[in-house]
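*Asks:* Quick one: the structure is below, and I'll ask about it shortly.
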Amino acid sequence: MTSTSWTAANSRRLARRERRRQLGPLAILTHVALLVWTVLTVVPILWTFLASVKSEDEIFGDAWSMPAGLQWDNFARAWEQAQIGQYMLNSVIVVSFSTFGTMLVGSMAAYVLARYPFRGNRAVYLLFVSGLAFPVYLALTPLFFVVQNMGNVPLVGPFIGLNTHAGLVLVYIAYSMPFTVFFLSAFFRTLPTAVGEAARVDGASHTRVFFQIMLPMAKPGLVSITIFNVLGQWNQYQLPLVLLQERDKWVLTQGIADISTAAGYDQDWAALFAALTLAILPMLVVYTIFQRQIQAGLTAGALK
Amino acid sequence: MANTPHITRRGLLRAAALAPVAGALAACATPQAQAPTASAAPAATSAANPFGVDVEKPLEVWIFDGGFGNAYATDIHQPLFKTKYPDVEIKHNATKEITKVLQPRFAGGNPPDVIDNSGANAMDLGALAQDGQLQDLGPLLEAPSWDDPDVKVRDILDPAVIEFGTYDGKFHVVGYVNYIHGIWYSQKAFRDNGWTVPKTWDEFLALCETIKKSGKMAPFTYAGKHPQYLYEPLLTMAAKIGGNEVLVNIDNLEDGAWSAEPVRQAAEAWAEVGAKYLLQGTAGLDHVQTQTAQNKYDVAMLPCGSWLENEQATTTPDDFEYGMFPIPDFTSSDKMPYGTLHTQPGESFIVPSRGANPQGGMEYLRAMLSKKAAGDFSELVRTVSVVKGAGEGRDLSPGAKSATEALAAAGENTVYYRWRSWYAQLHDEAVAATGQLMSGGVTPQKYVERLQKKADEIKADSSIKKYRR
Amino acid sequence: MFQTYRRGLFILSFLAAPVTLYLVYVISPYAQAFYIAMTDWRGVTATPNFIGFDNFIRLFSDGIFWKAVTHNAALLVLLPLLTIVIALFFAFLLNVGREGRGVAGVAGSKFYRVVFFFPQVLAVTVVAVLFQQVFRPDDSGMLNAPLMALGLGPFGFLSDPGLAFWSVLGVMVWQAVGFYVVLFSAGLASIPRDMFEAAQIDGAGRFSLFFRVTLPLLWDTVQVAWVYLGILALDVFAIVWVMTDQHGGPDFSTTVMATEIYRNAFQYFRFGYASALGVVMFFFTIGFAILSLRLSRRERIEY
């Protein structure tokens, strides 16, 4: 027998044994557990999709019945009356600007605090990081007045006062500082100094070194913290609840919470499900498309 | 690291310079007391324009979008206002959550001009009054009525409205609807099944038993998610048993008001209903769900107010025929006779004192209290009006008819309570406890004890302003 | 000298914006909150009256607030525990679980990992409203319909004071697990394969592999997870406020510190008292943070 055929026969046997192990009782249990969690995760979402095409009566009936016909006008009502489109747009606008702002301003602060010792460096760093422990609710009432007073500042006032997206963005940035500074400064500290120093010797200014050398090097950490911030700010409910009063300005979290109350009065649960579907689908689609980047990004920075 | 910690004096000075700037910024970030704006002063007054409405100023109106919807404002009141003031720009807004949306406006010192403060999320009128945020509507009462300049607004208004809207001697709140509370049912269903309206509590329990045995529908339900729908008949029954003083004492936070025997008896009576005769799943259903269940003939009776018919307009079958009966006699020795009703003005309209256009707000209310506006409104939303004579010659729906008849039969025997709008915490505690009472989570004795404890806490809390009646 | 001047200027310019924003929107409100906590500020534009520690004294006998604190405490223990255990289990299966040669996840790991993360992508109020419907108390509820079909009575997931808290916990775990599966997967991925293979060659089965190799090497990540989840347990607001009956009920059976603060401030207009509650919550959070930092000074495994 040649060695190759012996290897071939043996590997077939090993493969058979491996397949048996894969289908063994422990393997089955494993797959059952994974499937159970998949079901738990996906079914409530699918059920919402199912209900979104039912009529009001069908929703009051058996939860798992199939709809007689597909009531697409639920979506029309959700879009118009529930203004889901508007709220999503507002959320996208607010989160885009505030994430950009957070990352810009946060990385600047983190960089300086990480690489430039000066008297008071430790104090400023602690000031930022201690914010991690502060609950937002403590600051809610005075924050309301701070933002209101900001609205009275000459020139820019009307753009950053209460009920403005810009005002909310500034608040989001400020409250994301502790987390961002904490993680990014740790990240910056791990970066090698050689490249930066070489550039300085060549005459580059500090600012240039930061933007053209340090930031690109910190990309994995930046991506990761950006994702964290996007997730956190997308989910914000308390702050816009207090700071955005006009319905047209609301973000998605407020809009959805309000629909739940409204559905109770209007008896339009079908539109509620349609609105939920409209809110869920885009998020799921975006996530599925970018999931590899998101998962990679999340993990790169989170482990230091 | 090549960088040595070289903090130059200049650098440090610069950093130090930043501090007071930041401090100053922060200082201007403290809550500033908002001075009332000069623009809130009235323009010239006249007989036709008793409050001095300035036609240059816009009027911002906020309506609670609930059982009555908000179309009545845009279809009836605002056009009427415009007949007299065609140039005034009216900004109409509606919401289902008044506090959530408008409280920040009060906080910010720029509230709107007229608010319909109603619904589960209505603002705490006691707090607003305590803080001087409500315009004194005394001038409104003394002003000539919209229809007849020789008659004052005070004289065409149901006196209960004036009594109810008075805080600390000043009239602040116009209740636009006379809410009549009772037990609602379908006259058709009762007729078809041969059921009769009970006059005593024993008859009521027997009726529940009959309905339950028939298997056709559940006897009783209430808005499980909003237990105030149940503490209302509970307290009405307590007043029936023990007299109106029961409710007066509760309102005035008298010692032992909640643990008084009539209250406990009422709690026990309703707890029995909760244990035996409730529609399945009541505890998790909201008002519209239970009311719709009644429309579908899944349940026979529920406690509600005279807004019910309008709220359920879209799901009520044409031949449903809403009817209402008062709380039955608990025993033959009840202090108040059969027919006693809990009525109180609802749909509370207020004019914030710090709004930009309080005069416009008051004039708007004056327009609302005209015969035409009040009459059109009550016909549209199937209610009983608070303006005398507004209902004359109008075609009433069955539910409104039933309620009006009950009101006439009650005569002087009407009761009400005000603690709900005075002490929000007590309301929340009552809501929590009543839910438990009906689901068997607390005994009637514990129930009254809990509420007494909360009332005592509020009484002892010096930071909460107390009212009396 | 010029260099140091340039350097100083650079530091200032880079710190100006973040520090100012932070001082104005974060530090200043917090400082004022401590002051307001000592006033009886009820309305809004009246000047606050200083009342010293009265609010704190009142707070001590506030049964509802302390009930809320016990709920936060229960969440603090249970949420991280359940989430981490479940997430670790799945992360392990998805990365190391395949029996036999090599270190790989079971078939379809990639699919599972993507799907498990779905709940994280939904905004928290979306989850709250969705589950409000899932938990409906009659046969129109997603969970109650099959349960009733099996003859088990309808459950008041949100209307039964004995069940409501567990429903809240369940939803929080549901939303959190996926994120930590990803986090732990990354942690696992950063462990060199040789460690696993060496253990496998030595005959380690999946159990001992998990407990003797995986867990100790992942300990850092698990600690990070514990702190995040702990803070989530202390800060929870939206799920309780939006999903539960009576905003923290029924009968205050699900209320937490954050909802009580919001209720007192924006429904009862007792801003002074609410700020005092906030101060207490602040000390709890700081206490937790310090405790976690202390306990996390464990030996790190070098590899």
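A short reminder: the numbers here are calculations on the coordinates, not readings from a lab. All of these numbers come straight from a predicted model, not from anything done at the bench. Cβ sites come from the backbone with ideal geometry, for glycine too, and all protein chains shown count toward neighbours.
*Asks:* For chain B, what is the calculated [θ] at 222 nm in deg cm²/dmol (nearest 500), taking -39500 (n - 2.57) for each run of four or more DSSP H residues and dividing by its residue count? It would help to have the intermediate numbers written out before the result.
*Replies:* Numbers: 20 runs with 200 residues, N = 469.
After summing the helix terms and dividing by the residues of chain B, the value is -12500 deg cm²/dmol.
*Asks:* Further question on the same structure: Hey, fewest Cβ within 10 Å first, where do B:I327, A:I227 land in order?
*Replies:* Ascending number of Cβ neighbours within 10 Å: A:I227, B:I327.
*Asks:* Now, a different point. Report, in debye and to the nearest 20, how large the dipole of the protein assembly as shown comes out about its Cα centre when Lys and Arg carry +1 and Asp and Glu carry -1 on their Cβ.
*Replies:* Taking the Cα centre of the protein assembly as shown as origin, the dipole is about 6060 debye.
*Asks:* On to the next question. From the P(r) of the protein assembly as shown, could you give the percentage of C-alpha pairs in the tail past 48 Å?
*Replies:* Percentage above 48 Å: 34.
*Asks:* Suppose the Debye formula is applied to equal point scatterers at every Cα of the range A:72-183; what is log10 I(q)/I(0) at q = 0.11, 0.17, 0.22, 0.24 Å⁻¹?
*Replies:* Result of the Debye calculation: -0.50, -0.95, -1.19, -1.24.
*Asks:* Okay, moving on. Taking the Cα-to-Cβ direction at C:M195 and at B:E272 and moving 7 Å from each Cα, how far apart do the two end points lie in nm?
*Replies:* Going from the C:M195 label point to the B:E272 one covers 7.0 nm.
*Asks:* About the Cα centre, and with charges only on the beta carbon of Lys, Arg (+1) and Asp, Glu (-1), how big is the dipole of the range C:62-274? Nearest 20 debye, please.
*Replies:* 460
*Asks:* Moving on to the next point. Report, in whole Å, the centroid distance computed from the Cα atoms of the range B:195-220 and the range A:21-95.
*Replies:* Distance between centres, Cα-based: 41 Å.
*Asks:* Which whole number gives the average, over all residues in B:457-463, of C-beta atoms from other chains lying within 10 Å of the residue C-beta?
*Replies:* Working: counts 4, 0, 0, 2, 5, 4, 12.
Average per residue, whole number: 4.
*Asks:* Based on the mean of other Cβ atoms within 10 Å per residue, sort peptides A:153-160, C:78-85, A:26-33 so the most packed one is first.
*Replies:* In descending order of packing, they fall as C:78-85, A:26-33, A:153-160.
*Asks:* Now for a different question. Any chance you could run the full-extension gain for B:A460 through B:K212? It's 0.36 nm times the residue separation minus the Cα-Cα distance, nm to one decimal.
*Replies:* Result for the pair: 84.7 nm of gain on full extension.
*Asks:* Count, for each residue of C:241-250, the Cβ atoms from other chains sitting within 10 Å of its Cβ, then give me the mean as a whole number. Spell out each step's value before the answer.
*Replies:* Values: counts 4, 7, 2, 0, 10, 8, 1, 2, 7, 11.
Counting Cβ atoms of other protein chains within 10 Å of each residue's Cβ and averaging gives 5.
*Asks:* For labels at C:A17 and B:E254 in the simple 7 Å Cα→Cβ model, what's the distance in nm?
*Replies:* Taking the two extended label points, one gets 6.7 nm.
*Asks:* Nearest 500 deg cm²/dmol is fine: what mean residue ellipticity at 222 nm does chain C get from its DSSP H runs of n ≥ 4 alone, each adding -39,500 (n - 2.57), divided by its residue count?
*Replies:* That comes out to -21000 deg cm²/dmol.
*Asks:* Would you be so kind as to identify which of B:G399, A:A133, B:N193 lies farthest towards the positive end of the dipole of the protein assembly as shown, taking Lys and Arg as +1 and Asp and Glu as -1 on Cβ and the Cα centre as origin?
*Replies:* Result: A:A133, furthest along the dipole toward the positive end.
*Asks:* Is the C-alpha gyration tensor of the range A:83-302 telling us rounded, prolate or oblate? Criteria: a/c under 1.5 is rounded; beyond that, a/b larger than b/c is prolate, otherwise oblate.
*Replies:* Prolate is the answer for the range A:83-302, as a/c is 1.5 or above and a/b outweighs b/c.
*Asks:* Still on this model: Does chain C classify as rounded, prolate or oblate by the C-alpha gyration tensor (a ≥ b ≥ c root eigenvalues; a/c under 1.5 gives rounded; else a/b over b/c gives prolate, otherwise oblate)?
*Replies:* Verdict is oblate for chain C.
*Asks:* Which FRET efficiency value, to the nearest 0.05, do you get for B:L380 and C:S208 by plugging their Cβ-Cβ distance into 1/(1 + (r/R0)^6) with R0 = 56 Å?
*Replies:* About 0.15, to the nearest 0.05.
*Asks:* Further question on the same structure: Mean projection of the alpha-carbon convex hull of the range C:199-303 over all orientations, in nm²?
*Replies:* Average projection, Cα convex hull of the range C:199-303: 9.7 nm².
*Asks:* Provide the FRET efficiency to the nearest 0.05 for the C:I286-A:T38 pair, computing r from the beta carbons and using R0 = 41 Å.
*Replies:* The formula returns an efficiency of 0.55 here.
*Asks:* Between the range B:383-420 and the range B:261-331, what is the C-alpha centre distance in whole Å?
*Replies:* Here the two parts' Cα centres lie 19 Å apart.
*Asks:* Return, ordered by residue number, the residues of the range B:356-399 whose backbone nitrogen is under 12 Å from a label point located 7 Å along Cα→Cβ of B:D75.
*Replies:* Only B:376-382 fall inside the zone, counting backbone N under 12 Å.
*Asks:* Given the protein assembly as shown, what percent of its DSSP beta bridges are antiparallel, to the nearest 5?
*Replies:* In the protein assembly as shown, approximately 65 percent of DSSP beta bridges are antiparallel ones.
*Asks:* Counting DSSP beta bridges in chain B, what percent are antiparallel, to the nearest 5?
*Replies:* Details: 27 of 41 bridges.
Among the beta bridges of chain B, antiparallel pairing accounts for roughly 65 percent.
*Asks:* Using θ = phi - 60° and the Karplus curve 6.51 cos²θ - 1.76 cosθ + 1.60, what whole-Hz ³J(HN,Hα) does each residue of the range A:281-290 get, with Gly and Pro shown as x?
*Replies:* Coupling constants for the range A:281-290: 3, x, 4, 5, 5, 4, 4, 4, 5, 9 Hz.
*Asks:* Another one. Report, ordered by chain and residue number, the lysines lying within cross-link reach of B:K96, taken as a straight Cα distance under 26 Å and ignoring same-chain residues fewer than 8 apart.
*Replies:* The reachable lysines, counting only those whose Cα sits under 26 Å from B:K96, are A:K54, A:K249, B:K82, B:K225, B:K296.
*Asks:* What FRET efficiency, computed as 1/(1 + (r/R0)^6) with R0 = 45 Å and r the Cβ-Cβ distance, is obtained for B:E449 and C:L81, rounded to the nearest 0.05?
*Replies:* 0.75
*Asks:* Kindly identify the range C:126-219 as rounded, prolate or oblate by the Cα gyration tensor criterion: order the square roots of the eigenvalues as a ≥ b ≥ c, call it rounded if a/c is under 1.5, otherwise compare a/b with b/c, prolate if a/b is larger, else oblate.
*Replies:* Judged from the Cα gyration tensor, the range C:126-219 comes out prolate (a/c at least 1.5, a/b above b/c).
*Asks:* Can I ask one more? If amide hydrogens are placed 1.01 Å from N in the peptide plane, which non-local residues have theirs closer than 5 Å to the one on B:G182?
*Replies:* Here B:C304 satisfy the definition.
*Asks:* Do the alpha carbons of any pairs in B:K170/C:K67; B:K335/B:K401; B:K240/B:K401; B:K213/B:K454; B:K371/B:K466 sit beyond 31 Å of each other, and which pairs?
*Replies:* From B:K170/C:K67; B:K335/B:K401; B:K240/B:K401; B:K213/B:K454; B:K371/B:K466, over 31 Å: B:K170/C:K67; B:K213/B:K454; B:K371/B:K466.
*Asks:* Can I ask one more? Would you mind giving the mean number of other chain beta-carbons within 10 Å of the Cβ of each residue in C:111-120, as a whole number? Provide the component values of the computation, followed by the final result.
*Replies:* On the way: counts 2, 6, 2, 6, 8, 6, 8, 11, 5, 6.
If you average over the peptide's residues, the count of other-chain Cβ atoms is 6.
*Asks:* Considering the options B:Q228, A:T30, B:P149, tell which one lies farthest towards the positive end of the dipole of the protein assembly as shown, charges being +1 on Lys and Arg and -1 on Asp and Glu at the Cβ, about the Cα centre.
*Replies:* Of the listed residues, the answer is A:T30.
*Asks:* Quick check for you: which residues of the range B:313-357 have the amide N under 16 Å from the point 7 Å beyond the Cα of B:E412 toward its beta carbon?
*Replies:* Flagged as within label range: B:335-341.
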